[in-house]
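Structure record follows, encoded as C-alpha cells.
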Amino acid sequence: MTLTNREIADTFETVADMLQIKGEIIHRVLSYRRAGESIRELPRDLHVIASEGKLTEIPGIGDTLAAKIKEMLETGKLEFYERLTHEVPPGLVAIMRINGVGPKKAKLFWEQLNITTLQELEAAARGGKLRDLAGMGAKSELKVIEGIEALARQTGRFSLGIALPAAQGILDQLLTVPGAIEGAIAGSIRRGKPTIGDVDLLVASDDATPIMDKFVHMENVARILGHGPTKSSVELLNGLQVDVRVLEKARWGTALNYFTGSQAHNIHMRELALEKGYSLNEHAFSPVDKDKNIIEDAPKILCATEEEVYAMVDLAFVPPELREDTGEIEAAKAGKLPNLITIADMQADLHMHTTWSDGVLSVREMAEAAKRRGRKYIVITDHSHSLGIANGLSVERLLEQQKEVRLVDSMMKPDFRVFHGTEMDINADGGLDFPDEILAQLDFVIASLHVSLRQERPQIMQRLLSAISNPHVDMIGHPRAQYIPDREPVDADMDAVFEAAKKHGKVLEINANPRRLDLEAQYVRRAVELDIPLSINTDAHAEDHMDLMPYGILTARRGWAEAKNIINTWPVERFIEWTTGK
C-alpha cells in the first residue's frame with residue numbers, strides 16, 4: 001500500500017493525540033504534531049524526498065521520525081502506531097476534535113463509560129449519561145452534543161497556511177516553463193481569507209500547452225480532474241484542488257480581477273461598468289446598447305493590468321484584501337482607501353515562546369532568528385504555570401528567566417533589543433497566574449484564554465473583562481481563542497471587549513499563525529474604527545514560525561489596518577516609552 005503525504009501527516013498527528021491522551025510529556029507530543037504539520041505543508045512527494053535521502057531536511061524531522069516515515073513509505077503502516085492502538089482506542093482522537101473536549105475528557109469518557117467512538121459519545125450524551133461524571137454536568141453534556149453537531153457541519157476547507165504555500169510552489173514551477181510571461185494566485189487566497197475551498201492560478205502566455213502539461217504532471221499531483229487546452233484541474237497529495245488557467249497577456253487585468261473576486265465585489269464592478277455603457281467579464285469590457293445587450297461587432301476594450309480595469313470605472317486601484325463589497329468601492333470612489341500595512345512596516349514581534357516553556361529554541365536563538373528577519377526588537381513571552389501542558393513557568397522560573405533575557409538583551413543592544421514578558425493564562429475562575437507585584441517587573445504582559453473555552457458567555461466575558469481591567473496587562477492574546485478548523489471561537493461579546501479595551505488602553509492581538517488568525521478581519525476593522533491599538537505577532541514556538549508574519553499582515557489588511565494602527569510598527573524608543581509610561 002502506497003501512502004500519500006496527507007495519510008502520513010494524519011498518522012503522525014493521530015499519534016500525537018494518542019500520546020496526549022496517555023499523558024506523555026508535552027515535547028514528545030509536540031514533536032509528532034510538528035512533524036505532521038510540516039509534512040502536510042510539503043509541496044513535494046515524500047517518496048521523492050526519501051529517495052534523495054533528504055527527509056531530515058524537513059522542518060521538525062530528525063533521525064527517529066525520518067525512520068518512521070521510511071517505515072510507512074515502505075510498508076504502508078507504522079508499528080509504533082499499531083502498538084499505541086492497543087493502549088489508546090483510535091476513536092478517542094475523533095472525540096478530541098469536538099470543541100471543548102480535550103485529552104482529559106476523552107480519557108474520562110473512555111475510562112468511566114467505555115466510550116471509544118463519536119457515535120457512542122453522542123448516544124451517551126443524548127441519553128443523559130455524561131452529566132454525572134466528574135467535572136461534567138447538564139450544561140457540559142449539552143455542549144458535547146452541540147460540539148458533535150458542529151463537527152458534522154465542518155466543510156473540509158483548507159487553512160490559508162496550507163493553501164498559500166502549495167499555490168505558490170506550483171506557480172513558481174509553472175513560471176519556469178518557456179513562454180510563461182506572468183503568473184498570479186487569484187481567488188480567496190489572494191484576498192487572504194482564513195480558509196480556502198480550492199486554488200485558482202493564472203498564467204499569462206501565448207502557448208498554453210507546455211504549461212498545462214507541466215501542471216498535470218507535477219510530482220505532488222494525486223489525481224488529474226481535467227486537462228484542457230487552457231484550463232486544467234488537479235487534486236494534490238494533500239487533497240487540495242488546484243485550477244490553472246492560461247490566457248493572453250492583453251487580457252491579464254480583467255482576468256485577474258474577475259478570478260480574484262469576491263463575487264459581491266465583481267457584481268458591483270459590473271454594475272459600475274454598465275453605468276459607463278459596458279459589460280464587464282473576465283475577458284474584456286464590451287460595449288452595450290441602451291437595453292444593456294452586448295454590441296457584438298463593437299470593438300472590445302482589453303485591460304492588461306488591474307489598474308486599467310479600475311480606471312475604466314473611475315476608481316483607484318482596490319487592494320485584493322479589501323474586495324468584499326463592504327465599502328471599498330465607495331472608498332475608492334471618494335479617494336479614501338486606507339494606506340494598508342505591509343510587512344516592511346513591522347519592527348517587532350511581541351509574542352513568542354522558548355525552551356523555558358513549549359518552544360524549541362533558547363532566548364538567544366529566538367532573538368537571532370528575529371534579527372535575521374529584519375526585526376528590531378522582540379518580547380519573550382513564555383506560558384504561565386496554569387498551562388501545565390505547555391511547561392508553563394512558576395513565579396520562581398519566570399524571575400530566573402528574566403535574568404537570561406536581560407543578559408541576552410545586554411549582549412545584543414543597541415542594534416537589537418530583547419524584552420521580557422509572559423503569556424499569562426486567564427484562568428477558568430477569572431484569576432490570573434501571577435500577582436500584580438510580579439507583573440509589574442515585566443516589560444510586556446499578554447493575557448490569553450487557553451482553558452475552559454466552552455464556558456457560557458457570562459463566564460467568558462467575566463474572564464476577559466477582568467484581564468483587560470488589570471493595570472499590568474498590556475495585550476489580550478488571540479482574543480477569541482479560535483483554532484482553525486478544529487475549534488470554534490469562544491462565545492464572547494466582542495462589542496463589550498472593544499469597549500473595555502478602548503477604556504483601559506489595551507492592545508488586542510492579531511495572531512498571525514494561520515491556525516488562529518485571531519482577531520479575524522471583521523473584528524480588526526471594528527478595532528480600527530474605534531482606534532483600539534492592535535499588534536500582529538507570530539506566537540512563534542520555533543524559528544520557522546516567525547515566517548508566519550505575512551498571514552497576520554494579510555488579515556490586518558483585510559481589516560483595513562494601517563501601520564499607525566499596529567504597535568509593533570513603532571520604533572523601539574516609542575515602545576519603551578509606552579511600556580514604561582503606562
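Note on Leu407 and Glu437: with the Förster distance fixed at 30 Å, the Cβ-Cβ geometry gives a FRET efficiency of about 0.85. By other beta-carbon atoms within 10 Å, ranking Ser51, Ser233 with the fewest at the front produces Ser51, Ser233.
For the chain, the direction-averaged projected area of the alpha-carbon convex hull comes to 29.5 nm². Divide the volume of the convex hull around the Cα atoms of region 202-307 by the residue count and you get 123 Å³ per residue. Which whole number in µm²/s is D for region 99-228 by Stokes-Einstein, with the Kirkwood Rh taken over Cα pairs at 37 °C and 0.692 mPa s? Translational D for this selection: 177 µm²/s. Taking a straight line from the alpha carbon of Lys70, these aspartates and glutamates sit under 13 Å away, with near neighbours fewer than eight places off in the same chain left out: Asp45, Glu52, Glu79.
Computed from backbone phi with θ = phi - 60° and the Karplus coefficients 6.51, -1.76 and 1.60, the 3J(HN,Hα) list for region 290-298 is 5, 8, 6, 8, 5, 8, 4, 8, 7 Hz; x is used for glycine and proline.
Summarising the strand pairing of the chain, around 45 percent of its internal DSSP beta bridges are antiparallel.
When you count the other C-beta atoms within 10 angstrom of each residue and take the mean per peptide, 500-513, 82-95 line up highest first as 500-513, 82-95. Between the DSSP loop rule and a limit of at most 16 other Cβ atoms within 10 Å, which chymotrypsin sites (Phe, Trp or Tyr not before Pro) in region 492-582 are left? For chymotrypsin sites (Phe, Trp or Tyr not before Pro) across region 492-582 that sit outside H, G, I, E and B with at most 16 neighbouring Cβ atoms in 10 Å, the list is empty. The lysine pair tally for region 343-580, using Cα distances under 28 Å and a gap of 8 or more places or different chains, is 16. For region 488-532, the equivalent ellipsoid derived from the Cα gyration tensor has semi-axes of 18, 12, 9 Å, listed largest first. At 10 °C and a viscosity of 1.306 mPa s, what translational diffusion coefficient does Stokes-Einstein give for region 122-189, taking Rh as the Kirkwood radius over Cα pairs? Give it in µm²/s as a whole number. Answer, rounded: 99 µm²/s. When peptides 368-374, 160-166 are sorted by average Cβ neighbour count within 10 Å, with the highest value leading, the order is 160-166, 368-374. Once the chain from Glu573 to Thr230 is taken as fully extended at 0.36 nm per residue, the excess over their C-alpha distance is 118.0 nm.
P(r) tail, region 430-579: Cα-Cα pairs separated by more than 25 Å, 24% of all pairs. Each residue of region 162-172 was assigned a 3J(HN,Hα) from its phi angle through the Karplus curve 6.51 cos²θ - 1.76 cosθ + 1.60 (θ = phi - 60°); the sequence is 8, 5, 5, x, 5, 5, 5, x, 5, 4, 4 Hz, with glycine and proline shown as x. Take the Kirkwood radius over Cα pairs of region 252-334, plug it into Stokes-Einstein at 20 °C and 1.002 mPa s, and you get 169 µm²/s for translational diffusion.
Taking a Cβ cut-off of under 11 Å around Leu30, the surrounding Lys, Arg, Asp and Glu residues balance to a net charge of 0, with basic ones at +1 and acidic ones at -1. Of the GluC sites (Glu not before Pro) found in region 195-283, those in coil by DSSP whose Cβ has at most 12 other Cβ atoms within 10 Å are Glu219.
Only the coordinates and a few stated rules stand behind these numbers; no lab work does. Everything numeric here is computed off the predicted structure, so don't read it as measured data. Positions of Cβ are generated from backbone atoms using ideal geometry, with glycine treated the same way; all protein chains shown enter the neighbour counts.
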